[in-house]
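J.: What follows is a structure written as structure tokens; I'll ask about it next.
Quick note: the coordinates plus some simple rules give every number you see, no bench work behind them. Note that this is a predicted model, so its numbers are computed, not measured. Cβ atoms come from the backbone with ideal geometry, glycine included; neighbour counts cover every protein chain shown.
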Amino acid sequence: MFSFIASAPSVLMGRMGLSPTMFAMVFGVSACGTLLGSLLSGRPNARGVPGATVVGAGVAGLVISALAVLGVALTGVAHVWTIGPPVAAAIFCFGVIGPSANHDALHGLPQVAGAGSGILRCTQRVMGALASALVAALTPLGAPLSTRAILMVAASVGAAFSPAALRRGRQHSG
């Protein structure tokens, strides 16, 4: 998500020619995707679906969406209407993952929930800063959409194989 935020102006306005007004509308709709994902992520939990399952589904959707963005970028058919849906899906999945991941990370730690939540947010922002720095470093190499898509794929696959995700999988399998 952070690579999208960092690269959106140069890709959408610079490469795809969106006006500032249209860019603001696209960016606003994207923000709504995160909110909608967060809002809907609690429904499965309310029906007894474990948080790890919700996170796993969100991460799977994130990987698939990132691969779709990469596919669009590599085929050369990138346009706001071809790149928008998979980016919107990725942002929605990011929203789905957040609440359950936060709950799972802090569950059983009520005595440090405030500090733990702060650490989670700080870590998220640091990772966002690193993603933005990577976007800036890769910009001179050309193919801005492809490099951003590669970052999205790498980050989403990294999330799928994170120590927390692997630990959850071991807990549920045995």
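J.: Defining a contact as two alpha carbons under 8 Å apart and six or more residues distant in sequence, what relative contact order in percent does the chain show?
T.: 34
J.: Helix by helix through the chain, keep the DSSP H runs that span 30 Å or more along the axis on Cα and average at least 0.5 on Kyte-Doolittle, and give those back in order.
T.: 20-46, 51-75, 80-106, 113-138
J.: Sort 25-38, 113-126 for me by packing, meaning the mean count of neighbouring Cβ atoms within 10 Å per residue, highest on top.
T.: 25-38, 113-126
J.: OK, next. Quick one: pull the percentage of alpha-carbon pairs in segment 20-161 with a separation above 19 Å.
T.: Here the long-distance tail beyond 19 Å is 58 percent of all Cα pairs in segment 20-161.
J.: Applying 1/(1 + (r/R0)^6) with R0 = 25 Å to the Cβ-Cβ distance of His103 and Val157, what FRET efficiency is obtained, to the nearest 0.05?
T.: After rounding, the FRET efficiency stands at 0.60.
J.: Is the shape of segment 92-137 best called rounded, prolate or oblate, per the rule: a/c under 1.5 gives rounded, else a/b larger than b/c gives prolate, else oblate, with a ≥ b ≥ c the square roots of the Cα gyration tensor eigenvalues?
T.: Judged from the Cα gyration tensor, segment 92-137 comes out oblate (a/c at least 1.5, b/c at or above a/b).
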